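The values are calculated or read from the model by the stated rules, or taken from the named source; none is laboratory data. Quick caveat, the model's predicted, so the values are computed rather than measured. Quick reminder, even Gly has a Cβ in these numbers, built from the backbone with ideal geometry, and neighbours come from all protein chains shown.
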Amino acid sequence: MTSRVRVSHFVGLSGIGGVQKLFSEYIEDAKNNHDFLHKVYTFGGVDNQYKTSFKVYNIVNPINLIKLVTDLIMPNRIVHFYNNLSSFKVAVFLFFIPTNSLIVHERGTVWNISKKNNLVLRFIVWKSLLVLANSNATKAMLEHRHSISPKKIRVVHNGIKPIACKKDENKYTQNLFKIGFIGRFEAHKGIHILIDAMKHLSNYPIELILAGDGALKNRMVERSNCNEKIIFIGRVDKPENFYQMIDLLVVPSIREPFGNICVEAGFCKIPVLAANIDGLPEIIDNGFSGELIDPTDPIKIDDFDVNTIAYPKVVVDSKKLITIKPLQINPRDLAKRILSLYSNPDRLQKYSVELYKKVVSKYTMKKYTDRINSIYFEVKKKH
């Protein structure tokens, strides 16, 4: 009988984010897979939405910390870290421990890592057997910005569980065209560009619905200047409720390592117009399963508090997979593309169908789970 693969996971479960959600869905499915024996470690509390049937070992307790150290040293156990690769605390922790089968997971923090913290990142990677990247863009950033060997990187695209959305087949014939954005209200998400684009669409029956919250929420409300066609609905617990409200998802990001919201939109058969940067073109095939728009303008950093909001020094050119200077989409150009799509319901219908086909075939939770598990098997064979 083949021995089970032993995997210990170290992940923060007290915050709200994509890392936690993806991990919690993976680990709950894992309880039915008898090829693996999982242990879960965390630091601090566990948010109610991430409660798991697995016992969670909080390393605030010294006994649990010793258990994690033991797992890192043991030759027959894989340890999977989901932490920030620039974490000085993690680097200090690993400095004193001989590691055998450590895997670290990178989902986008490397865009803003400074040259000072680059040494921390490279040390953590040196102590690791593999680095998992959530997109080819993240892999390119690790290679070109941080000089990580491609031999050490494996790309594992995020996966989500299918979203049950009700589809109105006649939605593109309605008089009011609703575009939308969902996510954190942070400068690199480009929400300000979308709000500015609405100034050029005032004579058309086009409405913008903004879902989410964050540091720039009040700034964005002020920027909308009481435009009745811009509606802030706050944070939504069920994304399907948001997607059922809109006809087109707009993703005007300045940086976007992957783009989970594009996958969610695809499951709900909502077409997407997105910035042609970083990981977004891995999901959206321009002119086939959606549309991409090139950023052309310098970033207007004066619009925001530069002391608290960090823009990336570089982003990834999706065609050449090299790092380039970041730009932002021109609001007038964005308005023209939105208007073009509003005028072409057949094109919107085609994009929604093709994007749905793509996400169902490539970005399900099962695809993610199978890829992760295959890497665990690969590591076990080598050790």
Is it the case that Thr52 is outside the structural domain of Asp317 (by TED's automatic domain parsing), in contact with a Lys or Arg (Cβ under 8 Å, 6 or more places away or on another chain) and not in a strand (DSSP E or B)?
no
Run Val104 past the list (1) closer than 30 Å to Asn203 by Cα; (2) in contact with a helix residue (DSSP H, G or I) (Cβ under 8 Å, 6 or more places away or on another chain) and report the number of the one that doesn't hold.
(1)
Strands (runs of 3 or more DSSP E) wholly inside segment 187-284 containing at least 3 residues that are in contact (Cβ under 8 Å) with a residue 40 or more places away in the chain and more than 25 Å from Ser135 (Cα to Cα):
none
With the structure loaded, tell me whether Leu280 is closer than 19 Å to Met365 by Cα and at pLDDT 95 or above or whether it fails that test.
yes
Strands (runs of 3 or more DSSP E) wholly in segment 73-166 with at least 2 residues that are crowded, with 22+ Cβ neighbours inside 10 Å and not assigned by TED's automatic domain parsing to the domain that holds Lys269 - which ones?
77-81, 102-106, 130-133
